[in-house]
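Worksheet: one structure, shown below.
The values are calculated or read from the model by the stated rules, or taken from the named source; none is laboratory data. Note that the structure is a prediction, hence the values are computed from the model and not measured. Don't worry about glycine lacking a Cβ; one is built from the backbone with ideal geometry, like all the others, and counts go over all protein chains shown. To get the accessible areas, we keep the full protein, side chains included, count just its heavy atoms, and leave off ligands, DNA and RNA. Shrake-Rupley method; radii C 1.70, N 1.55, O 1.52, S 1.80 Å.
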Amino acid sequence: MAASDGQSTQPPNGNNPMLADEESDTISESVALENLARFKTDLVEFLGELYCPDQPWDVVMFEGYGRGLVATRDISTDELIFLDRPILLGPRVNNYDVIFCASCCRIQKKLTICSGGCRLPICADCDPSAAAETRHTKECKIINSWQPKDPRRYCKSILYAMTPIRALLLNDRDRAIVLGMEGHQPRKDMVTEIEWLLKKNVFENLPVDGSQVEFLRQVVNVLNTNAFETSCIVPDQENNDHEIFQRGLYILGALMNHRCLPNTRYVFDERLVMRCYASKPIRQGEQIFNNYSRTLWGTQHRIIQLCFSKHFLCGCRRCRDPTELGTYLGALKCVRERCAEGRMLPLNPLKVASVWQCDACGSKMDNVRITKIQEIAGRVVLNNVVKKEPDYIVQYLKEQAVRFLLPCNQFTVELKLQAIRKIQQDVSMELLVEKENFCGEILAILAKLDYGECYVKGVLCYELFKVRMVLAGLRDERQSFPDHAALAHLRTAWTILGFSGNRPRDLDQLAQCYGCKI
């Protein structure tokens with residue numbers, strides 16, 4: 001024990017100061033274990049019927065990670081690990097192209113404002129005038145207690161703040177669970193939904209320094225650190241499907257620590273229950289990992305995203321390998337014209353400021369120029385080309401992208417994913433063949449990454465089966481379709497996507513028709 005001025009002091013009871021420090025550490029560890037036990041008890045109570053007593057996971061403390069999930073026994077590929085439900089759920093901070101009820105997400109033909117004065121779009125069934133107590137009544141009362149200005153007009157800022165606002169309705173146990181989650185402070189350049197409400201001066205009676213605002217700020221920090229994007233498919237009056245994106249705080253899901261090569265996948269079913277499966281075998285005692293970033297992003301982009309949004313740097317084997325296990329997702333085309341096959345790679349992929357070097361001619365480039373190339377490529381591809389029609393995207397990949405991007409670069413892969421999504425069966429055979437090739441190429445990248453039975457693989461296997469089915473019809477090869485490989489793709493798609501509430505509409509029928517339902 002040392003005094004603040006650097007001089008040694010002796011504890012009043014004359015005990016060895018080293019022993020006192022050890023006792024302090026023991027007490028701190030004991031308190032941490034008690035807190036963890038209380039947290040686990042509250043979590044199990046919250047999960048209710050979704051909790052299985054013989055579950056293959058436990059919540060433990062990992063040095064350097066904090067809390068996390070560990071396998072309590074060997075877990076097989078595709079085995080269900082846990083079910084989780086959102087403790088908080090609400091509209092994602094985003095722009096929507098349809099009007100929907102803020103409470104139940106039902107599509108509305110025209111904007112109907114809540115009769116209770118909360119300035120939210122509400123359907124007839126959820127409106128407070130429909131019954132003594134609707135699912136919207138309590139949150140409407142909270143919003144009205146702040147005295148909204150201009151109550152007859154719709155307020156998008158309130159809609160965007162609904163997820164943290166709903167935290168005010170939680171009971172004491174659930175509040176403790178939420179506040180027990182890690183919550184990072186927002187970046188200085190970030191205006192959260194609560195600060196936006198205050199900045200826009202939406203309410204007459206919501207004190208900036210009040211206890212409710214302080215609680216809402218804490219909840220926003222927890223949401224920004226831990227929430228998942230989810231969505232529900234909602235039909236309109238003409239039975240056209242619309243995907244309403246939401247964000248949910250799934251506690252068990254959030255407790256999984258990060259790895260760029262995770263061992264799990266998850267889907268959300270029709271009830272928005274998270275179903276988490278093993279994407280590869282997990283041995284007893286191993287951590288149960290999720291990927292907080294995008295599967296097919298290059299290392300530099302993952303590092304930046306994780307640093308800004310999750311406040312840590314990953315150092316897994318994928319991140320440490322400049323080639324990303326031979327996929328070259330983050331590699332750039334060598335800028336030297338005479339070096340046609342060269343690939344620019346970071347000398348130290350864990351450093352954003354690393355110098356890059358060509359693996360063929362040895363030329364080097366500083367990070368400033370590399371970042372500029374990536375920014376230009378990203379702006380052209382993500383802000384422009386991905387929004388085009390599929391034939392334009394395919395032509396662009398053939399004639400333009402090859403000039404400055406490698407076939408395996410993350411931006412090229414993103415274009416191929418968009419083409420796969422947009423190319424439907426009523427197009428030319430040439431486009432269908434391109435879609436087939438793109439599916440195979442990206443599946444090969446996932447295999448190199450050893451990504452296991454992941455969600456992206458399920459989507460690609462479904463698309464590959466469908467396009468091969470259409471091609472078989474055009475080539476008059478229906479009698480030989482599906483072959484063993486095609487059936488394997490359909491079986492994989494059903495295994496991965498079968499419980500997803502957003503699975504393709506015809507997947508059930510296809511799986512039933514070809515005997516792939518299990």
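Go through segment 186-231 and give me each residue that's polar (S, T, N, Q) and open to solvent by 40 Å² or more (accessible area, probe 1.4 Å).
Once the filter is applied, which keeps residues that are polar (S, T, N, Q) and open to solvent by 40 Å² or more (accessible area, probe 1.4 Å), segment 186-231 yields ASN201, ASN205, SER211, GLN212, GLN218, ASN224.
Collect the residues in segment 327-369 that are open to solvent by 60 Å² or more (accessible area, probe 1.4 Å) and of a type in the set (Gly, Ala, Ser), keeping them in residue-number order.
Matches in segment 327-369: ALA340, ALA353, ALA360.
Considering each residue of segment 46-90, count those that are among the charged types (D, E, K, R), on the phi < 0 side of the Ramachandran plot and modelled with pLDDT of 95 or more, and give that number.
7
Of the residues LEU329, LEU296, LEU313, which is more than 29 Å from ARG67 (Cα to Cα), assigned to a loop (DSSP other than H, G, I, E, B) and under 22 Å from the mean Cα position of the chain (by Cα)?
Working: LEU296 fails: more than 29 Å from ARG67 (Cα to Cα); LEU313 fails: more than 29 Å from ARG67 (Cα to Cα).
Step by step, each of LEU329, LEU296, LEU313 is checked, and only LEU329 is more than 29 Å from ARG67 (Cα to Cα), assigned to a loop (DSSP other than H, G, I, E, B) and under 22 Å from the mean Cα position of the chain (by Cα).
Residue pairs, Cβ under 9 Å, 6 or more apart or interchain, first in segment 420-431 and in contact (Cβ under 8 Å) with a residue 24 or more places away in the chain and farther than 14 Å from ILE393 by Cβ, second of a type in the set (A, V, I, L, M, F, W, C) and open to solvent by 60 Å² or more (accessible area, probe 1.4 Å). List them.
Cβ pairs passing all conditions: MET429/LEU474.
Quick grid of which residues meet (1) under 20 Å from GLU414 (Cα atoms); (2) at pLDDT 90 or above:
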{"site": "THR327", "(1), (2)": "yes, yes"}
{"site": "ALA331", "(1), (2)": "yes, yes"}
{"site": "VAL335", "(1), (2)": "no, no"}
{"site": "ARG338", "(1), (2)": "no, yes"}
{"site": "ILE373", "(1), (2)": "yes, yes"}
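Between a residue in segment 196-217 that is in contact (Cβ under 8 Å) with a residue 12 or more places away in the chain and any residue that is assigned to a helix (DSSP H, G or I) and open to solvent by less than 80 Å² (accessible area, probe 1.4 Å), which pairs come within a Cβ distance under 6 Å, given they are 6 or more apart or on different chains?
Cβ pairs passing all conditions: TRP196/SER157; LEU197/SER157; LYS200/SER157; VAL202/SER157; LEU216/PRO164; LEU216/ILE194; ARG217/ILE194.
Is segment 238-248 home to any residue that is open to solvent by less than 60 Å² (accessible area, probe 1.4 Å), modelled with pLDDT of 95 or more, touching a strand residue (DSSP E or B) at 6+ places or on another chain (Cβ under 9 Å) and within 30 Å of PHE499 (Cα to Cα)?
yes
For every residue, the table says whether it meets (1) open to solvent by 20 Å² or more (accessible area, probe 1.4 Å); (2) at pLDDT 95 or above; (3) among the aromatic types (Phe, Trp, Tyr); (4) closer than 15 Å to PHE82 by Cβ.
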{"residue": "LEU252", "(1), (2), (3), (4)": "no, yes, no, yes"}
{"residue": "LEU255", "(1), (2), (3), (4)": "no, yes, no, yes"}
{"residue": "ASN263", "(1), (2), (3), (4)": "no, yes, no, yes"}
{"residue": "CYS276", "(1), (2), (3), (4)": "no, yes, no, yes"}
{"residue": "PRO281", "(1), (2), (3), (4)": "yes, yes, no, no"}
{"residue": "PHE289", "(1), (2), (3), (4)": "no, yes, yes, yes"}
{"residue": "LEU306", "(1), (2), (3), (4)": "no, no, no, no"}
